[in-house]
Amino acid sequence: LSATHSLARRAAPPATMSRFGRKKPPKGWDYIEPVMTALDEELRDAVNSPHEGKRKVEALWPIHQINNQRSRYVFDLYHKHKRISRELYDYCVREKLVDGKLMAKWKKPGYERLCSTYVINPKNYNFGGVSICRVPRFELEPGRIVQDPFCGCLGCASGPGGYTNIFGNKYGQNLADIQVAREDRARARAKARAAGSGADASDDDGAAAGGGGGGGAGAAGGAAAGGAGGGARGKRGEGRSVWADASDDTSLRDGSDAASRIGGAAFAQGAARAAAAAAAATDAGLAAQAARGDDGDDDTPSAKRSRIAE
């Protein structure tokens, strides 16, 4: 009997496992697998790419940025778009496919755009500080551009004027938003095609009422299936590149969404207010100086000696 069971176990087909983990992935893995595979291949290319002409820290930027993008993809699909289950989310964290510590920080106020847990560790910087990328843009000098030397982040602080694409390249794009936008666009196209085919079928009055109606319904159903198939083909075609391209909305490519534009306007208004406050303070100082009867001459001993000599 034991020999029979042993043969049965050897004859049974092996369980399907992911290339990313030793355990069988939960339901819904096929939804995120294309993007995860593309990012894994991109990471492998970044590791094997030549580093000539780059600084030592700059050669590691793509690795940290892909880690951030992969974690953000899974995080937003679960928390923002509700497209994956909690079981799949926990599986990705447990199998270390994503950065669980970084994702935990994203849930806290003020860390929604955090690029890496390294930049907020005071042990990594002099005087117990943090990286320059954590300083809000409205607190920097107007026009100043900063970049963290560890991961290449341009600024991940929350608040007005913050960057949506914190790396300024394709690794800063939100892949979850891109995927969901493409799915919505494919469904809208399929629905439009089905509606157009249904209108054409209703205009055909040459057939009998019963048969014509059945034929019209069949044509509409076939057109809907064809539209859905076309949408699926379009989705597969778009899925060849997980990053946004020229066919996608501009906000998905460079991160210039409404929130970023509003933040930029707030940043400009804040800079204008700061300049106005500085000018008002200067005017107040001059007025106080005039009220004291001070003519603005230098009262240092050397200046007094110069005036006496004159």
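In a residue-by-residue description of the range 64-73, the property of being open to solvent by less than 70 Å² (accessible area, probe 1.4 Å), free of Cβ contacts under 8 Å to residues at least 60 places away in the same chain and over 30 Å from residue 159 (Cα atoms) applies to no position. Looking across the range 129-157, the residues that are open to solvent by less than 80 Å² (accessible area, probe 1.4 Å) and either among the hydroxyl-bearing types (Ser, Thr, Tyr) or over 24 Å from residue 60 (Cβ atoms) (or both) come down to 131, 136, 137, 140, 143.
Name the residues in the range 53-85 that are charged (D, E, K, R) and modelled with pLDDT of 95 or more, would you?
Looking only at the range 53-85, we keep the residues that are charged (D, E, K, R), and these are 54-56, 58, 70, 72, 76, 80, 82-83.
Across the range 53-85, the qualifying residues are 70, 72, 76, 80, 82, 83.
Kindly establish whether residue 199 is assigned to a helix (DSSP H, G or I), modelled with pLDDT under 90 and over 15 Å from the mean Cα position of the chain (by Cα). Judged against the criteria, residue 199 is a match. Here the condition is being at pLDDT 85 or above, within 21 Å of residue 103 (Cβ to Cβ) and part of a helix (DSSP H, G or I); of 176, 188, 181, 194, it holds for 176 alone. Across the range 41-63, the qualifying residues are those that are aliphatic (A, V, I, L, M) and under 20 Å from the mean Cα position of the chain (by Cα), and the one among them that is most open to solvent (accessible area, probe 1.4 Å) is 60.
Take the conditions (1) open to solvent by 30 Å² or more (accessible area, probe 1.4 Å); (2) at pLDDT 95 or above; residue 102 misses just one of them, which is (1). Count, please, the residues in the range 123-145 that happen to be modelled with pLDDT of 90 or more and touching a Gly at 6+ places or on another chain (Cβ under 7 Å). Adding up the residues that qualify gives 2. Of 78, 125, all but one fail to be of a type in the set (Ser, Thr, Tyr) and out of contact with any helix residue (DSSP H, G or I) (no Cβ under 6 Å at 6 or more places or on another chain); the exception is 125.
Being of a type outside the set (Val, Ile, Thr), free of Cβ contacts under 8 Å to residues at least 12 places away in the same chain, part of a loop (DSSP other than H, G, I, E, B) and under 30 Å from residue 182 (Cβ atoms), is that true of even one residue in the range 133-152? No, the range 133-152 contains no residue that is of a type outside the set (Val, Ile, Thr), free of Cβ contacts under 8 Å to residues at least 12 places away in the same chain, part of a loop (DSSP other than H, G, I, E, B) and under 30 Å from residue 182 (Cβ atoms).
The values are calculated or read from the model by the stated rules, or taken from the named source; none is laboratory data. No experiment lies behind these values; they were computed from the predicted model shown. Cβ: placed from backbone, ideal geometry, glycine included. Neighbour counts: every protein chain shown. For the accessible areas, the whole protein counts, side chains as well, though only heavy atoms, and no ligand, DNA or RNA atoms are used. Shrake-Rupley method; radii C 1.70, N 1.55, O 1.52, S 1.80 Å.
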